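The values are calculated or read from the model by the stated rules, or taken from the named source; none is laboratory data. Note that the structure is a prediction, hence the values are computed from the model and not measured. Counting neighbours? That spans all protein chains shown, and the Cβs are built from the backbone with ideal geometry, glycine included.
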Amino acid sequence: MELVVLILKSYLVFVVGVMILYTARHFIFTVNRFMGEQMLYYQDIVDSELPRIAVLIPMHNEELVAKHILDHLISADYPLDKTEIIPINDHSEDRTKEIVDEYAARYKHIKPLHRHSDRRGKPAALNEAMTLTDAEIIVVFDADYLPAKGTLRDIAISFKDPEIGAVMGRVVPENTSKNLLTRVLDLERSGGYQVDQQARYNLKLLPQYGGTVGGFRKKVVLDLGGFDPNMLTEDTELTYKLFVNGWKVVYANRVEAYEESPEDWNVRSRQIRRWARGHTQVMFKFILPVLKSEHLVMKEKIDGLFLLFVYSASPILFLGLCDSLILFFLGEMKILSSLLMFLFVASFNTLGNFAPFFQIGIASFIDGGTYRIRLLPLLIFNFFFNMLYMSMGFFEAIIDLITKRESKWDKTTRFRAKDKKN
Amino acid sequence: MSLIIDNKRNGEDSPNGTHKNQSPDLKSLIYYHRAYRKISNPGRYILLKSLILIAPFLVAILLIYPELTFIMNKFARYTLISSFSSDSIEILNKPYMLRNIYILDSPTKYPSPLFTYIIFLLSLPGIVLIRKIKIVKPIALWIAFLSFINLLSSIFFILAPALFPYNAEEFSDLYIKTQINIWLFIPVIMGIALLPLPSGHLPKFLVISATILYSVIFGIVRYGVFLYIIAKFSLLFMPILFFSFGPLMDFFYIVSGYSLYVSILSKKAGRDLKAWNWLY
């Protein structure tokens, strides 16, 4: 029994240690973004020799939003003779096909791809669409995004730098004021992009390609084997593929595109579960390549590992909570330092919500979100929610690894036009 | 490098607020874009300054924590004495860290088998049926978590009531030690979180002071309520009190105080050109 208690206590100490490390990492990011030297993106470079781009928009039952993104893209200021827009109708059963075909009939540079056979899902859809275009650069948007007029130019210009393999822009929710969930997600997005991504770019660590509002070199991605159709987070996979093979990913904080945040907790739960599952799949695939890569320096490897393990924090916390409950009923809490208990609980609020409260506070400060900062304490609502669904995603990824089962793509439900109809 | 075109600085403002020879719709001031704006670097001694901010609180708490625990127990005793005989409530002291702390030995109520079964049965729907009720998911999960702890506790009291490892004195000991650590933790975590913010030491000092003061009052009241619940209602509720309304709740007001202060600073900085730097 003593051994069991020792193991349980040791695990709690381990949890606290992990959380302290992550908190320290995020504190460094926060200070760097708030008062350190900022690395500017390439948006101020002007060049008439722009590369040919193909804008891929994976769509599965996107009738509520398809029209909006196409309207935004056709008004982009990128030269038409160098632009191809490929809406990928991926096994849709609603009016997506009709909407896309209607636009294709009106605009020559919109060339839809209708997929009715083969495997459904974003990675498979991107793989197929890439083979249909002769563009050098692939730009990707999810169907609910609303890119600004200059977004394509801003994304494409970074590829003038021959070291750049992929670029990622900033995601900004457009429906923030809808309800409590969208407001909380806005805070999380702010912390994730304004501080986390920009600080990693400043510090020359590993900014992440996020699979939307971004682009990559087609040849490089094809040479690296394209996207793995079994991966649920093809964006994270690409980030690591590029870095371990010597390519850079840059973050463009100035290149903002609006997205529709989930307005329903059930939709959000499925989304973060998929993210956690996909991210963990990538973790299993890339731990060794990151450690072995000759293209990464030590600080990049350390950051790469921190990023790979970020979704593991939730199951670690979840098991820690179970652990502390057992210790409580065994009467061991009175012996265990209560400081550890408090550190443990403090950790809940640190990583259970993707980012510590001070990181989100500073991000909102920089964004000028004076009033939304007051919603910070409400992140506590997300604590059990995120921990539970991220843990579920994590354990699903372990089952994926053991059983080698095929992952099924779960599309995020849209809300935008529903509201307009109502 | 500056992106600010400040006509007021050029001293050429016209009476209606527009620049001479300038169309009225042109902006007279272009603020830094949020993408790369930052605040001025506060200089080399930032860590030392933060230590200076935190240290007085740590010293003060280490000096007065025995007295604070005495006040806590006096309050708890006062709360309990209306319902229980004063002979059954005793303030004890024992060593902790540098000096002695005070804890309370008070009555506890063991749950009857009937009461335990009722709690067991009431906890089940909290876990199983909560999904069916139309309620915001995080709150539903919170209720499920509370129900789960109560379920575990009731199972424990059904199977092995005599083995429950805590009495009021031990719970008091656990609570008081946790509370002292929370008080020590507040200046550290607040000091770190407030460290990068563009404001003087005095306001930061006041924010930390206010948070600690709140924590002391909250900690004292909560202690009395917890001891009253386990004495008057049941010992069965001890786990739920500790895990759900214990240290996790302390984080709520710590973050609340922080967010309110950052919000005030953000409002001030919003239109203050001097508050912001560009890139370097």
Matching residues, region B:169-191, being touching a residue at least 12 places away in the same chain (Cβ under 8 Å) and within 13 Å of B:L104 (Cα to Cα): B:E169, B:F171, B:S172, B:D173, B:L174, B:Y175, B:I176, B:K177
Just to check your reading of the model, which residue among B:F218, B:F242 is assigned to a helix (DSSP H, G or I) and more than 12 Å from chain A (Cβ to nearest Cβ)? B:F218
When you scan region B:122-129, do you find a residue that is at pLDDT 90 or above and surrounded by fewer than 17 Cβ atoms within 10 Å (Cβ to Cβ), even just one? yes
Counted residues in region B:189-211 being surrounded by fewer than 19 Cβ atoms within 10 Å (Cβ to Cβ) and either modelled with pLDDT of 90 or more or not in a helix (DSSP H, G or I) (or both) come to 9
Would you check if A:S293 is modelled with pLDDT under 95 and hydroxyl-bearing (S, T, Y)? no
If we keep just the residues of region A:305-336 that are assigned to a helix (DSSP H, G or I) and among the aromatic types (F, W, Y), which is surrounded by the most Cβ atoms within 10 Å (Cβ to Cβ)? A:Y311
Out of everything in region A:24-44 that is at the interface with another protein chain (Cβ under 9 Å from one of its Cβ atoms) and part of a helix (DSSP H, G or I), what residue ends up being farthest from A:L307 (Cα to Cα)? A:M35
Of the residues B:Y223, B:Y228, which is surrounded by 21 or more Cβ atoms within 10 Å (Cβ to Cβ), assigned by TED's automatic domain parsing to the domain that holds B:F75 and not β-branched (V, I, T)? B:Y223
Being of a type outside the set (A, V, I, L, M, F, W, C) and in a helix (DSSP H, G or I) is the filter here, so list the residues in region A:192-231 that pass it. A:G192, A:Y193, A:Q194, A:D196, A:Q197, A:Q198, A:R200, A:Y201, A:N202, A:K218, A:K219, A:D223
What number of residues in region A:209-244 are basic (K, R) and touching a Pro at 6+ places or on another chain (Cβ under 6 Å)? 0
Go through (1) without any contact (Cβ under 8 Å) to a residue 24 or more places away in the chain; (2) crowded, with 23+ Cβ neighbours inside 10 Å and name the single condition A:D118 misses. (2)
Verdict on B:K268 being of a type in the set (D, E, K, R) and surrounded by 21 or more Cβ atoms within 10 Å (Cβ to Cβ): no
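Results for (1) at pLDDT 95 or above; (2) in a helix (DSSP H, G or I); (3) touching a Lys or Arg at 6+ places or on another chain (Cβ under 8 Å); (4) not small (G, A, S), shown as yes or no for each residue.
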{"residue": "A:I86", "(1), (2), (3), (4)": "yes, no, yes, yes"}
{"residue": "A:V100", "(1), (2), (3), (4)": "yes, yes, no, yes"}
{"residue": "A:A104", "(1), (2), (3), (4)": "yes, yes, yes, no"}
{"residue": "A:R119", "(1), (2), (3), (4)": "no, no, no, yes"}
Please determine whether any residue of region B:85-96 is loosely packed, with under 13 Cβ neighbours inside 10 Å, among the charged types (D, E, K, R), assigned to a helix (DSSP H, G or I) and more than 26 Å from the chain's Cα centre (by Cα). yes
Contact list, first residue from region B:60-83 and within 18 Å of B:I186 (Cα to Cα), second anywhere and at pLDDT 95 or above and of a type in the set (S, T, Y), beta-carbon distance below 8 Å, six or more apart or interchain, is B:P66/B:Y102; B:T69/B:Y102
Which residues, taken from region B:221-236, are of a type in the set (A, V, I, L, M, F, W, C), more than 13 Å from chain A (Cβ to nearest Cβ) and assigned to a helix (DSSP H, G or I)? B:V221, B:V225, B:F226, B:L227, B:I229, B:I230, B:A231
Residues being away from chain B (no Cβ under 14 Å) and in contact with a His (Cβ under 7 Å, 6 or more places away or on another chain) - total across region A:244-279: 3
Can you name every residue in region A:29-84 that is over 21 Å from the mean Cα position of the chain (by Cα) and of a type in the set (F, W, Y)? A:F34, A:Y42, A:Y78
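Residue by residue, here is whether (1) at pLDDT 90 or above; (2) in contact with a Cys (Cβ under 7 Å, 6 or more places away or on another chain); (3) assigned to a strand (DSSP E or B) holds:
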| site | (1), (2), (3) |
| --- | --- |
| A:L3 | yes, no, no |
| A:V46 | no, no, no |
| A:A54 | yes, no, yes |
| A:D77 | yes, no, no |
| A:E93 | yes, no, no |
For B:L248, state whether it is surrounded by fewer than 20 Cβ atoms within 10 Å (Cβ to Cβ), within 13 Å of chain A (Cβ to nearest Cβ) and either in contact with a His (Cβ under 9 Å, 6 or more places away or on another chain) or on the phi > 0 side of the Ramachandran plot (or both). no
State the number of residues belonging to region A:363-387 that are part of a helix (DSSP H, G or I) and over 20 Å from the mean Cα position of the chain (by Cα). 12
B:F120: passes all of (1) away from every other protein chain (no Cβ under 13 Å); (2) touching a Pro at 6+ places or on another chain (Cβ under 9 Å); (3) hydrophobic (A, V, I, L, M, F, W, C) but (2)
